[in-house]
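Okay, structure first, notes after.
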Amino acid sequence: MTESAIHACGLTKRFGALVAVNAVNLDVPRACVYGFLGPNGSGKSTTIRMLCGLLTPSGGEIEVLGLRMPQQAEQLKRRIGYMTQKFSLFDDLSVRQNLEFLATVQGLTRQQEKGRVDDLLRRYRLDDRQDQLAGTLSGGQKQRLALAGAIVHAPELLFLDEPTSAVDPESRRDFWEKLFELADEGTTILVSTHYMDEAERCHRLAILDNGNLVADGTPSELTATLAGRTFLVRSASPRHAKATLASLSDVLSVAQIGNELRVLMRESGASAEALRACLGQAGTSGEVEGTPPNLEDVFVVATRAHGARAEQPA
Amino acid sequence: MNPRRLWAIMVKELRQLRRDRVTLTMILAMPIMQLVLFGYAINLNLRHLPAAVADQAQTAGSRAAIQDMLASGVIELRATVQSPQQLTDLLRQGRISVGIAVPTDFERRKLDGREAIQVMVDGSDNVVQAAAAQLAQYPLDPPDDFHARAEQPVSVVGFYNPQRRSPVNIVPGLVGVILTMTMVLFTAVAIVRETERGNMELLITTPVSRTELMLGKVLPYAAIGLLQTSLVLLLGVWLFQVPIRGHLGDVYIAASLLILANLSLGLLISTRAKSQFQAMQMTFFVFLPSILLSGFMFPYDGMPRPAQWLSELLPLTHFMRLVRGIMLRGATLGDLWPDGMALLAFIAVMLTLAIRLFHKRLD
């Protein structure tokens, strides 16, 4: 099958007067890790919940694994896995009991169940903790257990809602290794995050802001659009330089990183010369050099541009 | 419905319950505590009320009349005083509940057919007042006196509980009260807790059906309800010699009906409540009328019409009639079929509403 795993068109969700998700178009290819990048409240969770049939959309069309949502949600539930933002396994059951319960509920036979649970415990390094209560596990262990629980029935499509928001960097790296392993086996993975470094690892990603999809593509496609617009400024007095540069109309954002300033400029007026001139006028010297754009820059541009567009009619 | 999935949910529920010490204690301690409290402490049939006498007549007749009253056992003589004034003082101080005043012209009044003895009662407690009222029923003279015959034309004979022991009346009803208290709350909280902890979001993305989920959560509690029933019956028979005159099987069928009615009510509450605390509040909203209007504490026949209508809507009312009928009067379920049907209807309505209102969605 070459069709996409998820196809959504004009997807909208309103809660009363609040528009949580606004006319989002999505196309997620199979067997890829697709990221949702956006700040809290940008509509990531709401979109994921609509895609797996937990929420009814206010408008738009969704097709997931060839099934129309939310009408065919029950059929879909056998084929997807969902890892919630908050740990949602049972704190007062042991690791093994949790997995066994989910295996049975997902319709595995008794014979399949034993093998699958043992396999998952080994694979996610939980075999030495199998009789421990889930509630007493560490953050990283809980997260591995939650992932094991979400894939106990080997789903074709896996939804992960901010899976790494409560774990240390080591566990995060480890967790992403597991995700790529699953993608290699053919699982399509849709993962939401607000970490730039995680977004960079995705095969493709969509940036959400205030319920709007403001950019999508592969990370390199997205950063390529900003080529030549990002600069590093080294200055003896970075705070002063920052204030000066931020007042330039062609500068979109200035962020201090240690002693350096990372400057993002408008497409029309992007030049290192303009920055140097500005610093000179203010009496601060500084070295300016071009630097390759990253996803954070993409994020800033995408959300700024959209904010400006939204403010115009008002 | 898939029996393996249903079983998995039930096993999960029992495993969680095993680790929940507070709930476990509640399941076992509550019936025992209530039984002992209601059985021993709450005694609506008062005896040994403290009393004082002011006999100003001091005739053979007046002394005999007072002896008759004391012999009833309802009052116990604590003091003998000189004047009715002293009696009211004692009453006000709370040292006696009943004062008996015999005026100097006792014999004359008796002949005239006027009230010859005054019984003063501490009316601040209704139950005491009712008990003391019995005293007024005692004939003042030997039975050949025509006044006495005229005053006591009707004799009351208590059937089924001739010694008027409260536990006999209370224990069967207590089965129902305990089941109402625990069953509604347990199910309501069991589901809301799952929502609060986020487990529900996981469960509803699995292929589990609404019916599997609801039945799987409710059936373990039904078993617990039957356990509680047995505990109360056992203690009732052992501690208070409560009779079971009808079939024990009928008692359990009636209890099962009440358990299912309460569980379906609990489910309905759980579909509406947003937090465990809300579920608890809603439970009390049902619990209080159940205690007051079901006939457990106050007789149904004494209630005003609207209260009676409300009472008919409560499952506990019907159970109360069933269980008292079966245990105390030796009735069969067949004799009491309207109440059985009422419970079945209640279960059907509540369960349908609960399953309809429970959505496998978050909105």
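Can you tell which of B:Pro207, B:Pro172 is assigned to a helix (DSSP H, G or I) and either more than 10 Å from every other protein chain (Cβ to nearest Cβ) or touching a Lys or Arg at 6+ places or on another chain (Cβ under 8 Å) (or both)?
Answer to the check: B:Pro172.
Of the conditions (1) within 30 Å of A:Gly139 (Cα to Cα); (2) surrounded by 21 or more Cβ atoms within 10 Å (Cβ to Cβ); (3) in contact with a strand residue (DSSP E or B) (Cβ under 8 Å, 6 or more places away or on another chain), A:Pro57 clears all except one; give me its number.
(1)
Could you tell me how many of the residues in segment A:107-146 are within 21 Å of B:Arg5 (Cβ to Cβ) and not in a helix (DSSP H, G or I)?
Residues flagged as within 21 Å of B:Arg5 (Cβ to Cβ) and not in a helix (DSSP H, G or I) within segment A:107-146 amount to 3.
Which condition breaks for A:Arg68 when tested against (1) more than 12 Å from chain B (Cβ to nearest Cβ); (2) closer than 27 Å to A:Leu205 by Cβ; (3) in a loop (DSSP other than H, G, I, E, B)?
Unmet condition: (3).
Say whether the condition of being touching a residue at least 40 places away in the same chain (Cβ under 8 Å) and either touching a Gly at 6+ places or on another chain (Cβ under 9 Å) or hydroxyl-bearing (Ser, Thr, Tyr) (or both) is met by at least one residue in segment B:305-317.
Looking only at segment B:305-317, we keep the residues that are touching a residue at least 40 places away in the same chain (Cβ under 8 Å), and these are B:315-316.
Okay, now just the ones that are also either touching a Gly at 6+ places or on another chain (Cβ under 9 Å) or hydroxyl-bearing (Ser, Thr, Tyr) (or both), so B:315-316.
Taking every residue of segment B:305-317 in turn, at least one turns out to be touching a residue at least 40 places away in the same chain (Cβ under 8 Å) and either touching a Gly at 6+ places or on another chain (Cβ under 9 Å) or hydroxyl-bearing (Ser, Thr, Tyr) (or both).
Residues that are among the polar types (S, T, N, Q) and under 27 Å from B:Phe38 (Cβ atoms), at least 3 per element: which helices (runs of 4 or more DSSP H) completely within segment B:272-363 meet that? Talk me through it step by step, then tell me what you get.
Numbers: elements: B:276-293, B:305-313, B:315-329, B:337-357.
Helices (runs of 4 or more DSSP H) meeting the threshold: B:276-293.
Run down A:Thr12, A:Thr84, A:Thr56, A:Thr46 and say which single residue is within 14 Å of chain B (Cβ to nearest Cβ), β-branched (Val, Ile, Thr) and more than 20 Å from B:Thr195 (Cβ to Cβ).
Numbers: A:Thr84 fails: more than 20 Å from B:Thr195 (Cβ to Cβ); A:Thr56 fails: more than 20 Å from B:Thr195 (Cβ to Cβ); A:Thr46 fails: more than 20 Å from B:Thr195 (Cβ to Cβ).
Step by step, each of A:Thr12, A:Thr84, A:Thr56, A:Thr46 is checked, and only A:Thr12 is within 14 Å of chain B (Cβ to nearest Cβ), β-branched (Val, Ile, Thr) and more than 20 Å from B:Thr195 (Cβ to Cβ).
So which of B:Glu196, B:Glu107 is at pLDDT 65 or above, of a type in the set (D, E, K, R), touching a helix residue (DSSP H, G or I) at 6+ places or on another chain (Cβ under 9 Å) and under 30 Å from B:Met33 (Cβ atoms)?
Only one candidate passes the filter, namely B:Glu196.
Anything in segment B:89-104 that is surrounded by 14 or more Cβ atoms within 10 Å (Cβ to Cβ) and either touching a residue at least 24 places away in the same chain (Cβ under 8 Å) or not assigned by TED's automatic domain parsing to the domain that holds B:Asp55 (or both)? List them, or say none. If you could, list the steps in order and put the result at the bottom.
Here is the first cut: in segment B:89-104, the ones surrounded by 14 or more Cβ atoms within 10 Å (Cβ to Cβ) are B:89-91, B:96-103.
Correct list: B:Leu90, B:Leu91, B:Ile96, B:Ser97, B:Val98, B:Gly99, B:Ile100, B:Ala101, B:Val102, B:Pro103.
Yes or no: segment A:119-133 includes at least one residue that is closer than 26 Å to A:Lys77 by Cβ and touching a His at 6+ places or on another chain (Cβ under 8 Å).
To start, the set of residues in segment A:119-133 that are closer than 26 Å to A:Lys77 by Cβ comprises A:119-121, A:123-124, A:126.
Adding the requirement that they be touching a His at 6+ places or on another chain (Cβ under 8 Å) leaves none.
Looking through segment A:119-133, none of the residues is closer than 26 Å to A:Lys77 by Cβ and touching a His at 6+ places or on another chain (Cβ under 8 Å).
Do we find that A:Arg14 is among the basic types (Lys, Arg), surrounded by fewer than 23 Cβ atoms within 10 Å (Cβ to Cβ), without any contact (Cβ under 8 Å) to a residue 24 or more places away in the chain and not in a helix (DSSP H, G or I) in this structure?
no
Go through (1) within 19 Å of B:Ile347 (Cα to Cα); (2) of a type in the set (Ser, Thr, Tyr); (3) not in a helix (DSSP H, G or I) and name the single condition B:Ser264 misses.
(3)
The values are calculated or read from the model by the stated rules, or taken from the named source; none is laboratory data. Since this is a predicted model, take the numbers as computed values, not measurements. Glycine also receives a Cβ, built like all others from the backbone with ideal geometry; neighbour counts cover every protein chain displayed.
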